[in-house]
Structure formats: structure tokens, C-alpha cells
Amino acid sequence: MNVETKCPCCGKTHIVHLTEEQASRYKDYADGKGHIQDLLSDLSADDREMLISGVCLICFAALAEENEDE
């Protein structure tokens with residue numbers, strides 16, 4: 001299963017590839033049956049962030065850098 005996300009910061013579309021088992025666990029997360037870091041610990045933190053917020057790696061790094069400067 002492919003989950004398509006659109007970054008709210010840059011507008012670029014990204015695809016997170018999930019196996020059938022991961023897709024089942026992602027559905028559980030979407031249904032509020034657990035935390036994504038527990039249900040999809042086998043995905044990278046970047047992929048999990050894209051599934052949660054849609055924010056891509058480049059924009060996430062830029063946002064983190066902005067917060068450090070404050």
C-alpha cells in the first residue's frame with residue numbers, strides 16, 4: 001500500500017510505502033488504537049512524521065532549525 005502525503009510547508013507530494021502488515025497497523029493508528037511509534041516502529045522516524053503531519057524531511061529540519069534560533 002502506498003500512502004500519499006502532501007507537505008503543508010512546501011507543497012511537495014511524498015509517498016510512504018507500506019507492506020500489508022504495516023498498512024493494517026497504520027489503520028489501527030488512524031483509528032486511535034495506539035501510538036504510531038509503537039505500531040510502526042519498523043518505519044523510519046521521517047516516514048512516521050510524514051504519516052502524522054505530512055511534513056517532509058527537508059521542511060521538518062528547517063522548522064527545527066527555526067526553533068533552535070529562537
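All of the numbers you see were taken from the coordinates with simple rules; none came from a lab. Source: prediction; values computed, not measured. Cβ coordinates were reconstructed from backbone atoms using ideal geometry, including for glycine residues, and neighbour counts include every protein chain displayed.
In table form, for the structure just shown:
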quantity: Members of segment 48-64 found to be out of contact with any Cys (no Cβ under 6 Å at 6 or more places or on another chain), of a type outside the set (A, V, I, L, M) and touching a residue at least 12 places away in the same chain (Cβ under 8 Å), listed by number; calculated: 48, 53, 60
quantity: Residues being among the aliphatic types (A, V, I, L, M) and in contact with a Ser or Thr (Cβ under 7 Å, 6 or more places away or on another chain) - total across segment 1-50; calculated: 2
quantity: Qualifying residues in segment 22-47 (those that are touching a residue at least 24 places away in the same chain (Cβ under 8 Å) and not aliphatic (A, V, I, L, M)) - the one farthest from residue 5 (Cα to Cα); calculated: 26
quantity: Test result for residue 51, within 11 Å of the chain's Cα centre (by Cα), not hydroxyl-bearing (Ser, Thr, Tyr) and not in a loop (DSSP other than H, G, I, E, B); calculated: yes
quantity: Count - residues of segment 1-20 that are assigned to a strand (DSSP E or B) and farther than 14 Å from residue 48 by Cα; calculated: 1
quantity: Residue that is surrounded by the fewest Cβ atoms within 10 Å (Cβ to Cβ) [pool: residues in segment 22-39 that are among the polar types (S, T, N, Q) and farther than 16 Å from residue 53 by Cα]; calculated: 24
